Amino acid sequence: QTSSVIASIHPSIHLLYPKLSPQSTMNVIDHVRDMAAAGLHSNVRILSSLLLTMSNNNPELFSPAQKYQLLVYHADAIFHDKEYRNAACKYSMALQQKKVLSKTSKVRSSTGGAASNIQAQSLPSEIEVKYKIAECYTILKLDKDAIAVLDGIPSRQRTPKINMMLANLYRKAGQERSAVTSYKEVLRQCPLALDAIIGLLSLSVKGAEVASMTMDVIQTIPNLDWLSVWIKAYAFIHAGDNQRAINTICSLEKKSLLRDNVDLLVSLADVYFRAGDTKNAILKFEQAQMLDPYLIKGHPCFLGGRLFNISDQHAEPWVISGCHSFYSKRYSRALYLGAKAIQLNSNSVQALLLKGAALRNMGRVQEAIIHFREAMRLAPSRLDCYEGLIDCYLASNGIREAMGMANNIYKTLGANAQTLTILATVCLEDPVTQEKAKTLLDKALAQRPDYTKAVVKKAELLSREQKYEEGIALLRNALANQSDCVLHRMLGDFLVAVNDYQEAMDQYSIALSLDPNDQKSLEGMQKMEKEESPTDATVELDGDDMEGSGEDGDLEGSDSEAAQWADQEQWFGMQ
C-alpha cells in the first residue's frame, strides 16, 4: 500500500533512486526537508539549487508539489544567508508554483486520490511563505510592498504573528485605525501579548479598554494580578503623565515577584529622564545594568561605547556614538551615525532626535523639522521631540509657529515644570512677552526648584535685567543639591559681573572638570586671565611655557581623542 501511494505521488521516483526498493519511504525531497529541519541551510541551498536545475531541464522529473517544496526550502536557505531580495524573489516563484499545484490538485481530487490529501498535509504553508515575503520586504524597507502581501491574506487565515507585523507596519505608515484593529486581533488570539498592549497604548487606546481584553486570563491564571497595574503604568507613560507613571512602576517594582526586573527598571529610568530627574534616572539604569551587563536598551545618556562589543546590529550603539560626536560639535559625524541608526531601526525616536539636532546645528533647519515631526508622530508624549521642533522654529525666526506649539503642549499635557519652561523659552524670544516668561519660570521653579532647564532660563532672564546678585543666589541654590557644568559656568559669568574674579575662576574650573569640551567656560577663563595678567607677564609666560604647553600638548590631546575612538573606528567604516 505504501509503495502504491509513493508511486501515485511521483511515478518517476526510481529515476532518482534506482536502487531503492518500492517499500522505501524516503525520496530526495524528504532528505532536503530533513536537512532544512536540522538547520543545515548551506547544504540545503546547494542541493536544492542542483535539483531545481534538474527540474528545469526535465520538467517530468518532479511533481508540481515537489517543485513547490524545493522552491520554498531553497528560499528559506537564501533567507538564512540574509539575501532578502533574492529570497523574496524565490518565495514569489514558489507561490506561482503553488498556483500550478492547486490546479492539478483539483483535477486529482475529482478522481478521489488518497495521495493528494497526504501530500497536501506535508507541504509548506502558503500563508507562511507570504509572511516570509513580507518579512523580506520589511527588512528591505519596502513597507508598502509588505503591507500589500499581508493584506492579501484573508483575515480568518491570519496568524498572530501576521497580525502583529501588520499592526507595526500600519502604525509606521500612519494608518492608526488599521493598526489598532490588528493589535486587538493579536490580543484576542494571545491575551498576554504585552508588546501588542504597548502598541495599543501608544495609539491612545484607553488603558481600561486594553485591560478589559486581558481580564479573563488574569482571573483564570494565578500570580497575574500585577498585569492590570502594569497596563496602567504604561498607559500613564504613553499619556505623558510621568509622575503617575513613576509612582505606578515603583509600586510594581516593590512587589517581591517583580523586584529587580530589568525591563521595569529601564522603563522607570526612562520616565525619570523624561521628567527631568536625571539623578534617579541614572541610578535606576545603573541598577538595571548591574543585573544585566549585556543590556542594550536605554537612553544614550546612560549607555557607553561598550555596546559595540555586544551588538552593532542595533540602533543604540550608533546613537550613543552619535551623541558623543554631537556634544563634541562634530555634527557631520553625528549626522552619519544618526542616519546609520535609523537605517537599522527606522522607529528609533532617539536616532531621529539625534539626526534632527545635527541637521539643525548644521543650518539645515527644514530637514531637521522633518525628522523632529517623525519623532513626534512615533512618540507623541515625549517632550524632547517638541523641544527639538520648537528650537528649529526659533532658529528660522518662526516665533508664531513655536508659540503655537508651546501653547498646545501646555494645554495638552498640563502645567508642569517642563511645559511651563518650554512656553517660557518661546516667550523669552519676544520682548513683549518677557514678563510672562518670568511668571512661567517662577511657577516652574515653585514646582521643582532643582529643574535645571528652568534655572538656566531664569538666570538668562536675570542676566538681561542685570540682576546679578539675584542670579547668583538662584544658581547657588540650584547647585546646593546637584553639580552641572552649565550652572557652574553661568555662576562664573555672574561672579565676573560683580568683580568676584577668584570664585569665578573656581566655578569655570569646576565646569571644565565636568565637561572638558565646554568652550564657553574655557573662553570665560581665558578672558579673565588676559584681563588680570600684564602684557609682559603674558609674554614671559608664553616663552617659559612653550615647551610644556605648546605643540606637544596639542598633539597629546589629539592622541587622547584618537585613542578614545580607536576601539570604535572599525564599526564606522573609517579605518
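The values are calculated or read from the model by the stated rules, or taken from the named source; none is laboratory data. Source: prediction; values computed, not measured. No Cβ is skipped: glycine too gets one built from the backbone with ideal geometry, and neighbour counts run over all protein chains shown. Accessible surface is based on the protein model in full, side chains and every heavy atom, while ligands, DNA and RNA are left aside. Shrake-Rupley method; radii C 1.70, N 1.55, O 1.52, S 1.80 Å.
Kindly evaluate Leu71 against the criterion of being open to solvent by 70 Å² or more (accessible area, probe 1.4 Å) and assigned to a helix (DSSP H, G or I).
Working: open to solvent by 70 Å² or more (accessible area, probe 1.4 Å): no; assigned to a helix (DSSP H, G or I): yes.
Against the criterion (open to solvent by 70 Å² or more (accessible area, probe 1.4 Å) and assigned to a helix (DSSP H, G or I)), Leu71 does not qualify.
Answer yes or no as to whether Gln96 is at pLDDT 90 or above, out of contact with any helix residue (DSSP H, G or I) (no Cβ under 7 Å at 6 or more places or on another chain) and under 30 Å from Met164 (Cα atoms). Against the criterion (at pLDDT 90 or above, out of contact with any helix residue (DSSP H, G or I) (no Cβ under 7 Å at 6 or more places or on another chain) and under 30 Å from Met164 (Cα atoms)), Gln96 qualifies. Residues in region 182-196 that are among the polar types (S, T, N, Q) and modelled with pLDDT of 95 or more: Ser182 alone. Where the second residue is open to solvent by 20 Å² or more (accessible area, probe 1.4 Å) and in a helix (DSSP H, G or I) and the first is more than 18 Å from Thr452 (Cβ to Cβ) and lies in region 266-285, which pairs have Cβ atoms under 6 Å and are six or more apart or on separate chains? These pairs meet every condition: Leu268/Lys284. Taking the criterion of being more than 19 Å from the chain's Cα centre (by Cα) and surrounded by fewer than 22 Cβ atoms within 10 Å (Cβ to Cβ), the only residue of region 163-175 that qualifies is Gln175. Restricted to region 414-457, and to residues there that are closer than 18 Å to Tyr272 by Cα and open to solvent by 60 Å² or more (accessible area, probe 1.4 Å), the residue that is modelled with the lowest pLDDT is Asp450. I'd like the full set of residues that are more than 26 Å from Thr412 (Cβ to Cβ) and among the aliphatic types (A, V, I, L, M), limited to region 360-387. Hit for region 360-387 is Met362, nothing else.
Residue-wise test of (1) more than 26 Å from Gly414 (Cα to Cα); (2) at pLDDT below 90; (3) in contact with a helix residue (DSSP H, G or I) (Cβ under 8 Å, 6 or more places away or on another chain); (4) open to solvent by 20 Å² or more (accessible area, probe 1.4 Å).
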residue	(1), (2), (3), (4)
Pro222	yes, yes, no, yes
Ala233	no, no, yes, no
Gly240	no, yes, yes, no
Ile249	no, no, yes, no
Leu257	yes, yes, no, yes
Asp260	yes, yes, yes, yes
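Of all residue pairs spaced 6 or more apart or on separate chains, those with beta-carbon atoms under 7 Å, a first member in region 207-223 that is free of Cβ contacts under 8 Å to residues at least 12 places away in the same chain and a second member that is open to solvent by 80 Å² or more (accessible area, probe 1.4 Å) are Ile218/Asp225.
Across region 381-397, the qualifying residues are those that are open to solvent by 60 Å² or more (accessible area, probe 1.4 Å) and touching a residue at least 24 places away in the same chain (Cβ under 8 Å), and the one among them that is nearest to Ile237 (Cα to Cα) is Asp391.
Checking the stated criteria, Lys329 turns out not to satisfy the condition of being surrounded by 21 or more Cβ atoms within 10 Å (Cβ to Cβ) and either closer than 30 Å to Thr138 by Cα or modelled with pLDDT of 80 or more (or both). Just one residue in the set Leu166, Leu224 is out of contact with any His (no Cβ under 9 Å at 6 or more places or on another chain) and outside any helix (DSSP H, G or I); that residue is Leu224. The number of residues in region 118-143 that are basic (Lys, Arg) and modelled with pLDDT under 95 comes to 1.
Every residue, every condition in (1) out of contact with any helix residue (DSSP H, G or I) (no Cβ under 7 Å at 6 or more places or on another chain); (2) among the polar types (S, T, N, Q); (3) in a helix (DSSP H, G or I), yes or no:
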| site | (1), (2), (3) |
| --- | --- |
| Glu401 | no, no, yes |
| Gly404 | yes, no, yes |
| Tyr410 | no, no, yes |
| Thr419 | no, yes, yes |
| Leu423 | no, no, yes |
| Val426 | no, no, yes |
| Thr433 | no, yes, yes |
| Lys438 | no, no, yes |
| Ala444 | no, no, yes |
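Taking only region 123-148 into account, find how many residues are touching a residue at least 24 places away in the same chain (Cβ under 8 Å), outside any loop (DSSP other than H, G, I, E, B) and buried (at least 16 other Cβ atoms within 10 Å of the Cβ).
13
Scanning region 528-536 for any residue that is modelled with pLDDT of 80 or more, of a type in the set (Lys, Arg) and in a helix (DSSP H, G or I) turns up nothing.
So is Leu268 open to solvent by less than 40 Å² (accessible area, probe 1.4 Å), at pLDDT 75 or above and in the same structural domain as Trp230 (by the TED database) or not?
Spelling it out, Leu268 is indeed open to solvent by less than 40 Å² (accessible area, probe 1.4 Å), at pLDDT 75 or above and in the same structural domain as Trp230 (by the TED database).
A single member of Met490, Met525 is at pLDDT below 90, hydrophobic (A, V, I, L, M, F, W, C), outside the structural domain of Val455 (by the TED database) and out of contact with any strand residue (DSSP E or B) (no Cβ under 7 Å at 6 or more places or on another chain), and it is Met525.
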